[in-house]
Structure formats: C-alpha cells, structure tokens
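The values are calculated or read from the model by the stated rules, or taken from the named source; none is laboratory data. For clarity, every value in this text was computed on a predicted model and none was experimentally measured. Positions of Cβ are backbone-derived with ideal geometry, glycine not excepted, and every protein chain shown enters the neighbour counts. When the accessible area is computed, the model is the full protein with side chains, heavy atoms only, and any ligands, DNA or RNA have been set aside. Shrake-Rupley method; radii C 1.70, N 1.55, O 1.52, S 1.80 Å.
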Amino acid sequence: MPDQLATPETAADARPYDALLLLSFGGPEGPDDVVPFLENVTRGRGIPRERLKEVGQHYFGFGGVSPINDQNRRLLDALRKDFAEHGLDLPVYWGNRNWAPYLTDTLREMVRDGRRRIAVLATSAYASYSGCRQYRENLADSLAALAEEGLELPRVDKLRHYFNHPGFVEPMIDGVVASLAELPEDARDAARLVFTTHSIPTAAADASGPAGEHTEHGEGGAYVRQHLDVARLIADAVAARTGVAHAWDLVYQSRSGAPHIPWLEPDICDHLEALHGSGTPAAVMVPIGFVSDHMEVLYDLDTEATAKAAELGLPVARSATVGDDPRFAAAVRDLVVERAAVERGEEAERCWVGRLGAGHDRCPVGCCPARAPRPAAAGEDSPYA
C-alpha cells in the first residue's frame, strides 16, 4: 500500500449536502459556568457537586474559561474562508455536546433554516467510544428530541476519521520542528519526541474501531494503532527535514477514571520522570490526540507536565496542535467533497498518509461499542436512515 495518495483534483461540489455541522465537546466561558458544565459532562455518574468544584480548579485557574469555544470560533472562520475561496457553497454551523451552543439547539436551527442533508465534522480525529460513538449517540439523542417536537428530521452523515489526512498531519510536523528549535542547542539532537493523547480505559481502547479490529488484554485496538501510525509519520518526517532521527514514544494524559479501572499508560508525568532517569537530555511533548490547544493541553501539558519537567531539570517544549491551520480547513473541505461524491454514487479518491488507509464512511455495527446499548446516528446501526 502506498504511503500517500494524492489529493484529488475535484470540483468543490458538496451535493447532496446543504450544510456542515462542526460538532465539539464544549467548555465553560466564565466561573459560573464551570460546575454546571462539569455536571453536563459527568451526568449519570453520581459525582457530588463538591467533588466537581475540586475537579474544576484547573478551569478556575484560567478564569473559569475553557479556550475550546474560542478555538472552535476560529476554526469556523477558517472553514468559511476556505469554502468561499474554493467555491464550496456550504453554510457551516456549530453545536456542542456539553455547553452552548448545544447540539440540539443547533440542529433545530438548521432544520428551521431548511437544511436536510448535513455533513458532520467531530473535533476528534481517532476511533474510540468517547471520540466517535458517543458523538453519534449525541446526534441520535438530538434527532429524537426534534422528532418529539414534530420537526422534519434531517439526514446526518459523520465524516470519516481524519487522523491520517495530510492536512491534519503536516501542521503537526511543522510544530515539532519549531519546538525542537526552542530546546537548548546542546540537547536538541538527542531530544526525545513524546507523543501524547487522551488516556481511555484499556477495555474501551481494545474495543475501538470495527469489531474485526478489536483486541484483548490492553493491546489498544484501533485507537492505539491509529496514534502509533501518526506518531511514526511525524517522527519520520521530522527526521527527513532535520537530518536527525529522534527516538519517540506514545504516552497518555488526562486520566479521569476510578483508580481500580485500568487505563492506557504510561502517564506523561511518569514518563518524563523515566526519561530524566535514563539520561535523556530534553523532550518535545507532541499532543497528537487533540485538534486544538484546549484545557487538557493547557493544563495537563503546559501546566502540570511542564512543572514536572522543571522539577526534574529536564528541558521540554510543547508543539502546537492543528487548530485553525489553513491546511486543516482545506482537509475538511476535501473530506466533505469526498463524502459528497460517495453519496452521489461516484467513485471518490481518498487522501491519506501512513499505513492504515482511509477509514470507513459509516461506522459498522459493533464499531466502538457503547458501555450500555444506546441508539447512535450516522452509522450502519442508525435508527435514522
């Protein structure tokens, strides 16, 4: 299989889609929002309000404001600019899982605006329950709410995973090269690349991706395979650009589960300690699991992990996420045009890099299964055609 397929020279034709929905996690926009936001995130888990106040301290340390909403606003601007420049006549809306603008409210607005075929971009690039299936469950919940209101339901199609689209990978390569230049010159060539992503329960990682790709005993399933593929791509590209092959690792951050439940390891702070102990002179933290510099990047990496490195005397730099990079906006346009061609019954060349190929358009039955059975839209098991 080739390492890359060329981007197709395709006209910017979005038919049959009449809108794009940016679907994200959401975040508080002031101190009074923090606990209600966390109540939304943890609904059904029975976590006491006092505990949520403790958990929210890292938000309060940033004025109670998560950067994710402003980052999504910038991405919306980048998408609209790219679409307009390339003749893609497709309005872009935005809805969140856990804070305003809420997904149900946005879908209601889209229906009232006459939107009937909606392409959905989730701000999560990889396969997992929380990164894919749960967003599909949110879509199903919102569609059910609109049905109860007697509204005509639109067709929603979630765009495929884009972890290995060059428009997602290439900005991160630039970020690593720039971060290496920030390190002390005498430590730069021996610096280690530490790729980070959100830790999830090992059982959820093993069950990520289509059923045929599930693993056992903490091997990680599609979630780990996809991250390893991106890490290899970036490390190889950095070596080609700089002439230095850096050793690298995939590690995890932002664990939030009960201590007795196994989650993916090692943790970033534990790993920095191990690197320091082994004589590694410096490291670049590369948050490949995150689309933008939201709270889990700013707090878990820029605050906690950076403080740990300072305590150890280990020079570190943190490379940028993709955010609103124009190449990512172009990648989204590419994904929309590609999926639109498929929906029209046309053959669509797919743009990807790495070893894993382009992902599926519709999640098959058993893909990233739910903790408990719940309806999910935009997949083969969707109750909504």
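Looking for something out of contact with any strand residue (DSSP E or B) (no Cβ under 9 Å at 6 or more places or on another chain), outside any helix (DSSP H, G or I) and farther than 19 Å from residue 340 by Cα - is there at least one such residue anywhere in the range 67-80?
Checked the range 67-80: at least one residue is out of contact with any strand residue (DSSP E or B) (no Cβ under 9 Å at 6 or more places or on another chain), outside any helix (DSSP H, G or I) and farther than 19 Å from residue 340 by Cα.
Farther than 27 Å from residue 314 by Cβ and more than 17 Å from the chain's Cα centre (by Cα): is that true of residue 274 in this structure?
Numbers: farther than 27 Å from residue 314 by Cβ: no; more than 17 Å from the chain's Cα centre (by Cα): yes.
When the stated conditions are applied, residue 274 does not pass them.
So which pairs qualify, if the first residue must be in the range 339-366 and of a type in the set (Phe, Trp, Tyr), the second must be surrounded by fewer than 17 Cβ atoms within 10 Å (Cβ to Cβ) and outside any loop (DSSP other than H, G, I, E, B), the Cβ gap must be under 9 Å, and the two must be at least 6 apart or on different chains?
Pairs that qualify, where the first residue is of a type in the set (Phe, Trp, Tyr) and the partner is surrounded by fewer than 17 Cβ atoms within 10 Å (Cβ to Cβ) and outside any loop (DSSP other than H, G, I, E, B), are 352/4.
Check off (1) open to solvent by less than 60 Å² (accessible area, probe 1.4 Å); (2) under 23 Å from residue 167 (Cα atoms); (3) within 17 Å of the chain's Cα centre (by Cα) for residue 284 and give me the number that stays unchecked.
(3)
Please state which one of 103, 75, 52, 88 is free of Cβ contacts under 8 Å to residues at least 24 places away in the same chain and crowded, with 17+ Cβ neighbours inside 10 Å.
Values: 103 fails: free of Cβ contacts under 8 Å to residues at least 24 places away in the same chain; 75 fails: free of Cβ contacts under 8 Å to residues at least 24 places away in the same chain; 88 fails: free of Cβ contacts under 8 Å to residues at least 24 places away in the same chain.
After applying the criteria, what remains is 52.
Being β-branched (Val, Ile, Thr) and either assigned to a loop (DSSP other than H, G, I, E, B) or over 18 Å from residue 188 (Cα atoms) (or both) is the filter here, so list the residues in the range 305-326 that pass it. Before the answer, list the steps.
Residues of the range 305-326 that are β-branched (Val, Ile, Thr), as a first pass: 306, 316, 321-322.
Hits for the range 305-326 are 321, 322.
Being open to solvent by 20 Å² or more (accessible area, probe 1.4 Å), in a loop (DSSP other than H, G, I, E, B) and either among the β-branched types (Val, Ile, Thr) or on the phi < 0 side of the Ramachandran plot (or both) is the filter here, so list the residues in the range 183-219 that pass it. Steps first, answer last, please.
The first filter runs over the range 183-219 and keeps only residues open to solvent by 20 Å² or more (accessible area, probe 1.4 Å), leaving 184-186, 188-190, 192, 198, 201-204, 207, 210-219.
With the extra rule that they be in a loop (DSSP other than H, G, I, E, B), the set shrinks to 184, 189-190, 207, 210, 214-219.
Listed by number, the residues that qualify are 184, 189, 190, 207, 210, 214, 215, 216, 219.
List the number of the failed condition for residue 222; all other conditions in (1) in a helix (DSSP H, G or I); (2) open to solvent by less than 30 Å² (accessible area, probe 1.4 Å); (3) closer than 27 Å to residue 309 by Cα hold.
Going through (1) in a helix (DSSP H, G or I); (2) open to solvent by less than 30 Å² (accessible area, probe 1.4 Å); (3) closer than 27 Å to residue 309 by Cα one by one, residue 222 breaks only (3).
Test each condition in (1) surrounded by fewer than 16 Cβ atoms within 10 Å (Cβ to Cβ); (2) in contact with a Ser or Thr (Cβ under 6 Å, 6 or more places away or on another chain) for residue 251 and report the one that comes out false.
The one condition residue 251 does not meet is (1).
Just one of the numbered conditions (1) surrounded by fewer than 14 Cβ atoms within 10 Å (Cβ to Cβ); (2) modelled with pLDDT of 95 or more; (3) in a helix (DSSP H, G or I) is not true of residue 114; which one?
It fails just one condition, (3).
Restricting to the range 297-329, and then to whatever is open to solvent by 30 Å² or more (accessible area, probe 1.4 Å) and of a type in the set (Gly, Ala, Ser), can you tell me which residue is nearest to residue 15 (Cα to Cα)? Show your work before the answer.
Here is the first cut: in the range 297-329, the residues open to solvent by 30 Å² or more (accessible area, probe 1.4 Å) are 298-299, 302-304, 306-308, 310-313, 315-316, 318, 320, 324-327.
Keeping just the survivors that are of a type in the set (Gly, Ala, Ser) gives 307, 310, 313, 320.
On the way: 307: 50, 310: 53, 313: 56, 320: 34 Å.
The selected residue is 320.
When the range 170-211 is examined, which residues are found to be aliphatic (A, V, I, L, M) and under 22 Å from residue 293 (Cβ atoms)?
First, pick out the residues of the range 170-211 that are aliphatic (A, V, I, L, M): 172-173, 176-178, 180-181, 183, 187, 190-191, 193-194, 200, 203-205, 207, 211.
Hits for the range 170-211 are 172, 173, 176, 177, 178, 180, 181, 183, 191, 193, 194, 200.
Looking at the range 22-49, which of the residues that are of a type in the set (Gly, Ala, Ser) and without any contact (Cβ under 8 Å) to a residue 60 or more places away in the chain is farthest from residue 76 (Cα to Cα)? Don't jump to the end; show me each part of the working.
Let us first name the residues in the range 22-49 that are of a type in the set (Gly, Ala, Ser), namely 24, 26-27, 30, 44, 46.
Next, only the ones that are without any contact (Cβ under 8 Å) to a residue 60 or more places away in the chain stay: 30, 44, 46.
Values: 30: 21, 44: 31, 46: 35 Å.
Filtering the range 22-49 for residues that are of a type in the set (Gly, Ala, Ser) and without any contact (Cβ under 8 Å) to a residue 60 or more places away in the chain, the one farthest from residue 76 (Cα to Cα) comes out as 46.
Output the residues belonging to the range 264-281 that are in contact (Cβ under 8 Å) with a residue 60 or more places away in the chain and buried (at least 17 other Cβ atoms within 10 Å of the Cβ).
Kept after step one, since they are in contact (Cβ under 8 Å) with a residue 60 or more places away in the chain, are these residues of the range 264-281: 264-265, 267-268, 271-272, 275, 280-281.
Selection gives 264, 267, 268, 271, 272, 275, 280, 281.
Those residues that are assigned to a loop (DSSP other than H, G, I, E, B) and either over 18 Å from residue 123 (Cα atoms) or among the basic types (Lys, Arg) (or both), I need them from the range 81-95; list them, please.
Selection gives 86, 87, 88, 89, 90.
Would you check if residue 140 is in contact (Cβ under 8 Å) with a residue 40 or more places away in the chain, open to solvent by less than 40 Å² (accessible area, probe 1.4 Å) and in a helix (DSSP H, G or I)?
Here the answer is yes, as residue 140 does meet what is asked.
Please report, ordered by residue number, the helices (runs of 4 or more DSSP H) entirely within the range 15-62 with at least 1 residues that are farther than 27 Å from residue 92 by Cβ, touching an Asp or Glu at 6+ places or on another chain (Cβ under 8 Å) and modelled with pLDDT under 90.
Helices (runs of 4 or more DSSP H) meeting the threshold: 49-55.
If a residue must be over 18 Å from residue 101 (Cβ atoms) and buried (at least 17 other Cβ atoms within 10 Å of the Cβ), how many such residues does the range 63-72 contain? Show your work before the answer.
Narrowing the range 63-72 to residues over 18 Å from residue 101 (Cβ atoms): 63-64.
Add one more test, that the residue is buried (at least 17 other Cβ atoms within 10 Å of the Cβ), and what stays is 64.
Adding up the residues that qualify gives 1.
How many residues does the range 330-361 hold that are within 25 Å of residue 382 (Cβ to Cβ) and surrounded by fewer than 17 Cβ atoms within 10 Å (Cβ to Cβ)?
Number of matching residues: 7.
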